Amino acid sequence: MKSRTAALIGAALPLTTLAFVAPSAQAAVPWTVLPTGTTDLITAVDYKGDTVAFGTVTGDVYVGTATGGFAPAINVPGEVVSDISLSPDGTKGVALAGNDAYVYDGASWTAADWTDVTYDLAAPGATYPNGFCPSTPGSPGDFPAASLDPTVDLADVEWLDNQTALISVDDVESSVLKTTDGGATWAESARDSAGSCLLEDIKGPDLTVTGPTAWVMSRTAIMRSLDAFATVQPFGVGADHEKLAVDPSNPLRQLQSKDSAHYTHLALTENAWEDYAWIRSSDDTKKVNDIVSAPGRFYAVGSGGLLERVGGSGLAEQLTVPGHASTEWRAAALNSPTELIVAGAGGTLALTTNPKAPTGGGGGGGDDNALPPTSNPPVAGGTASVKGGKVRFKVRGKLARPDGTSKAQACQGRIKVTVKASPKKKSTPRTVKKTKVKVKKSCKYVKKIAIKRSKIGKAKKLRLILRFTGNDVIGKSTGKYAVRVRR
C-alpha cells in the first residue's frame, strides 16, 4: 500500500466488460529484514513516526522501531490480532483481536471501555421503504441502537488524526465506532442527530483513510466521509471486492482486492469506478491478503511471496524480499511514500531501505531515485572550465518524478550543493563551495557555480555532491559525481 516494462493487454472498459493489465518484470527495491523476536505468523502491522507495531496469530502485540527492539506488549489468549493501527505521529494505537480492542497510549495497552457504547442492531439484509432513514426519524421500522454486544467482531481500525480513530464492526450492518479523545471513550457514528436513523447502509468490514477522509463500502457503493462519519456520501459503485485502497493524491484512483486466487483479485479504476481494469498478477494462483496506497502507487501482498507494486500506468510490478521469495505476506503498511513495511509467516518483518535514496555511494537513477546516476553528472556540458581567476560550471538537472504523482506534489524542495577539490596531488579533498538550489515547478534545478581558481589549485577533477532534502512523495537522495576541469 506502487512500472513501465509491462504491456497493456486491454484498455479500461465499461463495468460490464473486463480489461486486463499484464504483470511487469522484477523490480529492484532494497529491503531490510528486521529482528522481531518471534516466529509466529504476523497478521497485522503498522508503522508511523518512529514506531512499528505488529500483532500475531497467537494474540501477541509487539512494539518496537524501524531498527528492531521488539518486545511483546500484550497477549489476547485464543484470539488472532486482526488489525493494528497507529496514530499519524506514532504515539497512540489500537489493536483489534476478536471482539476486543486494545488502546495504546505510548507506554502501555489497555482494553477499550465499551461502557454505554451502542451500535446498530439491524437484521442483515433488512430493507425499508425510504432506505435507511425513514421519512420520520425515530418511527417504527428504523434501525434501533443497542448496547454493544460483547461477541461482536471488530474488523478494521484507522486513525484520522492523533485523537480521532474509527473501528468498523464486522458482524453488524452499518456500524462504525469512533473516538475523538485518543481511544479513551468510544461511540457509534453514522447516525442522525436523534440517534435513531442510519445515514447509510455501511457494509464493511474494510475501512481506509486518506488524510482526514474516511472510506468504507456499503451494499451499493463505496462511501466517503469528510467529517469522521458525521455524514457519508456515495463515491462510485466499486468492483464488489472486500478491500479498498485509495490514492491519497487522487481519490478518483482506487484499487480493490478480492480474497481469492484468481486474475480478478485486483481491480483498478482511474475515474471513481466509471470503468476499471483487472490487474494481472505475476501468479494468479496466489491470494491477495492486503493492499495499501501511497501517492501514485499501490502495493499488494499475499500468499506464496506475492508482493507487487501498481504504478501510475496501472502495471503490476513484482517485488521480492531477498530470501523470502515464497513467504506468506499477510499485512503491509506505509510510514511515508518511500517507507513500506510488510509482515508475514515465520515472524518476518521487512522494511524498504529508503528506496528513493541512492545505493552504493553513487547517484540515483532508475524508477525509485530522484537524482541522476553517478555515470551521468547533472552538469551542463559535463565539465567545468577555467575562465579568468575562477573555475565555473552549471549544475543542471531534473528530479525523477514517481509514477502517478503530479508536478505540484513532486517538484518542490531544495538541493544542497557541495563541491570538493584536492588542490595538491594526493591531498585530502576539502570543501571549496557550498550552496543551495531550489527545485522549480517543472522539477528542474539550475545553479551557476563559480570557485576561485586558487582554491582548487591544479586539481583535474572536482567532487560534486548533491543532497536532495526530500518532500511528501520523493525521499531524501544523495548523488556523488566527478566533474572534470577543462583548462
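Based on the Cβ-Cβ distance of Asp227 and Ser427, what FRET efficiency does E = 1/(1 + (r/R0)^6) give at R0 = 45 Å, to the nearest 0.05?
Details: r = 64 Å, r/R0 = 1.43.
Approximately 0.10, to the nearest 0.05.
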Relative contact order for region 380-486, counting Cα pairs under 8 Å that sit 6 or more residues apart, in percent: 34
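If neighbour count is taken as other Cβ atoms inside 10 Å, put Trp215, Trp109 in order from fewest to most. Numbers along the way, then the final one.
Values: Trp215 21, Trp109 17.
Ordered from fewest to most neighbouring Cβ atoms within 10 Å, Trp215, Trp109 come out as Trp109, Trp215.
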Show the residues, 5+ positions off or on another chain, whose built amide H is closer than 5 Å to the amide H of Val80. Gly98
Non-local residues with an amide H under 5 Å from the amide H of Ala370, with H modelled 1.01 Å from N and Pro and chain starts lacking one, are Gly365
Within region 448-462, list the residues whose amide N lies under 12 Å from a label point set 7 Å along Cα→Cβ of Ala482. 460-462
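No lab work stands behind these numbers, since they all come straight from the coordinates. Because the structure is a prediction, the values reported are computed rather than measured. Note: ideal-geometry Cβ built from the backbone for every residue, glycine included; neighbour counts use all protein chains shown.
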